[in-house]
Amino acid sequence: MLKDLLIKYNKPGPRYTSYPPANFFTKNFKPEDYVEALKSSNNEKPDSISLYFHVPFCPKMCHFCGCNTAKPDNKNTLEAYFDAMLKEISNVSSLLSKKRKVTQIHWGGGTPNSVAFRFIESVTEKVYSFFSVSENAEIAMECSPAYLSHTYIKKLRKLGFNRISLGVQDFNENVLKAVNRSGPKYPIEEIISDIRSEGFDGVNIDLIYGLPLQNRDNFLNTVKKAIKLRPDRLVTFSYAHVPWVNSAQKILEDFGLPSSDEKLNMLLTAYHELINSGYEAIGMDHYALPNDNLTIAKREKLLHRNFQGYCTKETTGQVYAFGSSGISQLYSTYSQNSKKTSEYIRLINEVGYAAVRGYSLSDNEKIIRQIINEVMCNGVLDFNELSKETDISVEILKKICNFDKNKFSEFEQDNLIDYSDEKLNISDLGMMVVRNIAMTLDPNLAENINLYSKTI
Ligand SMILES: C[S@@+](CC[C@H](N)C(=O)[O-])C[C@H]1O[C@@H](n2cnc3c(N)ncnc32)[C@H](O)[C@@H]1O
Ligand code: SF4
């Protein structure tokens with residue numbers, strides 16, 4: 001039974017939005033290291049550029065939130081923040097080759113759509129004047145429906161945005177009230193209809209399960225309402241309760257959180273409802289319609305993953321992040337800007353760059369990253385193929401990822417994988433616990449595995 005399988009494999013482990021994961025980043029990384037990394041990235045792959053803009057502001061804080069965000073202290077903070085971001089764009093772009101194309105732009109936060117539109121406009125204009133943006137670039141914003149008006153949607157489209165991700169979280173007003181979240185400015189179905197009529201290519205809905213007052217039955221209602229709106233993509237996030245990181249989450253304990261058994265019921269009910277309604281599981285709580293680019297990429301084994309979530313190999317590039325806490329994911333180096341907004345602004349104004357943590361990958365780690373990415377996204381690992389591509393023998397590749405076929409016997413008995421002719425294929429069932437399979441190919445897995453959240 002699927003439920004027994006999920007319980008069996010519900011162990012702590014990384015989510016592998018990067019390899020090695022962000023907890024490997026060291027503080028021994030300075031703005032000048034980022035400058036060197038930026039220069040080197042011009043000669044590395046992929047050649048295309050993904051830009052990420054982080055807006056760490058929300059007018060009202062949801063008690064469950066695990067993102068890097070806060071209420072802005074005053075209007076001057078917003079001015080100073082976006083002013084710094086414009087400087088960061090000039091500084092970073094001055095080190096990148098003008099021949100390289102931007103294929104993806106992603107705005108996240110916080111709530112980018114809660115700030116005055118002129119800030120979004122000035123950053124976008126700067127991007128267009130300093131970079132060469134591909135005609136087919138994917139340009140997306142994570143939006144909270146609480147601050148989204150038809151006019152705002154229209155303006156985003158006019159500026160070139162072609163995807164919107166809507167943080168619905170739950171349609172149940174009582175749940176939203178319990179977590180201190182404002183409901184949508186106008187009904188979600190009208191918001192989606194406006195997004196479609198303005199000509200956006202795609203819309204995504206985020207839901208979250210594991211919040212106070214949620215149970216299998218009322219979460220199923222939320223999922224059904226979301227399905228009725230036919231978003232191209234839908235994510236059901238498992239609520240991560242980490243009150244030692246975000247003390248506001250403690251407030252939710254007073255309401256009482258659903259048990260882990262009830263959480264599992266919500267996950268499974270959502271999964272079955274979505275699959276029975278024609279959605280395909282992309283992996284790790286992500287679903288998409290059969291004609292969506294992500295589903296097509298998954299079918300063609302061309303799916304990719306970065307800190308912003310799943311993407312296609314066609315649109316993704318090396319990721320250059322702007323704003324506080326932004327993580328740049330370059331071929332050889334990861335680096336993260338200061339999480340403190342005031343420190344970010346100060347560093348940009350005084351030094352020009354704000355990286356404070358980072359990591360340089362060894363050659364072996366680049367190979368392991370490729371292996372883990374193929375497993376996590378495309379459910380496959382073909383040693384012969386990889387050997388041809390990297391010019392490294394199968395034997396050495398296996399050593400690099402500490403490959404041990406014996407670690408697979410339990411997965412094979414549970415029908416999660418098939419391993420033959422040096423090729424690992426993961427079944428649809430196996431993709432439900434793919435993180436556990438990837439962990440067996442990670443020789444760097446931290447000794448203290450409890451640092452990570454559980455699989456579900
Ligand atoms: C940057 S946030 C949200 C964008 C926007 N501010 C909103 O709330 O609609 C992206 C997503 O992270 C998810 N999220 C936030 N806190 C979480 C937590 N503690 N555990 C799991 N998912 C979380 C939410 O589902 C949210 O839609
Ligand atoms: S609006 Fe989004 S980013 Fe802001 S506190 Fe709520 S979940 Fe977090």
Any chance S97 is under 30 Å from N204 (Cα atoms), away from ligand 2 (no atom under 16 Å from the Cβ), outside any helix (DSSP H, G or I) and in contact (Cβ under 8 Å) with a residue 12 or more places away in the chain: no
Could you check, for segment 299-317, whether at least one of its residues is out of contact with any Cys (no Cβ under 6 Å at 6 or more places or on another chain), over 24 Å from T236 (Cβ atoms) and crowded, with 20+ Cβ neighbours inside 10 Å? yes
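Residue by residue, here is whether (1) surrounded by fewer than 18 Cβ atoms within 10 Å (Cβ to Cβ); (2) under 23 Å from I400 (Cβ atoms); (3) out of contact with any Cys (no Cβ under 6 Å at 6 or more places or on another chain); (4) modelled with pLDDT of 90 or more holds:
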residue: N415; (1), (2), (3), (4): yes, no, yes, yes
residue: E422; (1), (2), (3), (4): yes, yes, yes, yes
residue: D428; (1), (2), (3), (4): yes, no, yes, no
residue: M431; (1), (2), (3), (4): no, no, yes, yes
residue: I437; (1), (2), (3), (4): no, yes, yes, yes
residue: I449; (1), (2), (3), (4): yes, yes, yes, no
residue: T455; (1), (2), (3), (4): no, no, yes, no
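Take the residues in segment 104-141 that are assigned to a helix (DSSP H, G or I) and within 14 Å of ligand 1 (Cβ to nearest atom); name whichever of them is surrounded by the fewest Cβ atoms within 10 Å (Cβ to Cβ). Please lay out each step first, then the result.
Taking segment 104-141 and keeping what is assigned to a helix (DSSP H, G or I), we get 112-114, 117-130.
Applying the additional criterion that residues be within 14 Å of ligand 1 (Cβ to nearest atom) yields 112-114.
Working: P112: 24, N113: 25, S114: 19.
If we take residues in segment 104-141 being assigned to a helix (DSSP H, G or I) and within 14 Å of ligand 1 (Cβ to nearest atom), then S114 is surrounded by the fewest Cβ atoms within 10 Å (Cβ to Cβ).
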Taking interchain pairs and intrachain pairs at least six residues apart, which have beta carbon atoms under 6 angstrom, with the first residue in segment 101-113 and in the same structural domain as A140 (by TED's automatic domain parsing) and closer than 14 Å to L156 by Cβ and the second assigned to a strand (DSSP E or B) and within 16 Å of ligand 1 (Cβ to nearest atom)? H106/Y52; H106/A140; W107/F53; W107/M141; P112/V55; P112/M141; N113/C143
Looking only at segment 389-399, decide whether some residue is buried (at least 17 other Cβ atoms within 10 Å of the Cβ), assigned to a strand (DSSP E or B) and not assigned by TED's automatic domain parsing to the domain that holds P56. no
Considering residues of segment 16-47 that are β-branched (V, I, T) and not in a strand (DSSP E or B) only, the residue farthest from V433 (Cα to Cα): V35
Among the listed residues F200, F161, F130, F237, identify the single one that is over 24 Å from the mean Cα position of the chain (by Cα) and aromatic (F, W, Y). F130
Within the group K45, K3, K27, which residue is outside the structural domain of I208 (by TED's automatic domain parsing) and modelled with pLDDT under 95? K3
If I filter segment 240-258 down to residues being assigned to a helix (DSSP H, G or I) and under 24 Å from the mean Cα position of the chain (by Cα), which single residue comes out as nearest to ligand 1 (Cβ to nearest atom)? Q249
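The values are calculated or read from the model by the stated rules, or taken from the named source; none is laboratory data. Since the structure is predicted, the reported quantities are computational estimates derived from the model, not experimental observations. Positions of Cβ are backbone-derived with ideal geometry, glycine not excepted, and every protein chain shown enters the neighbour counts.
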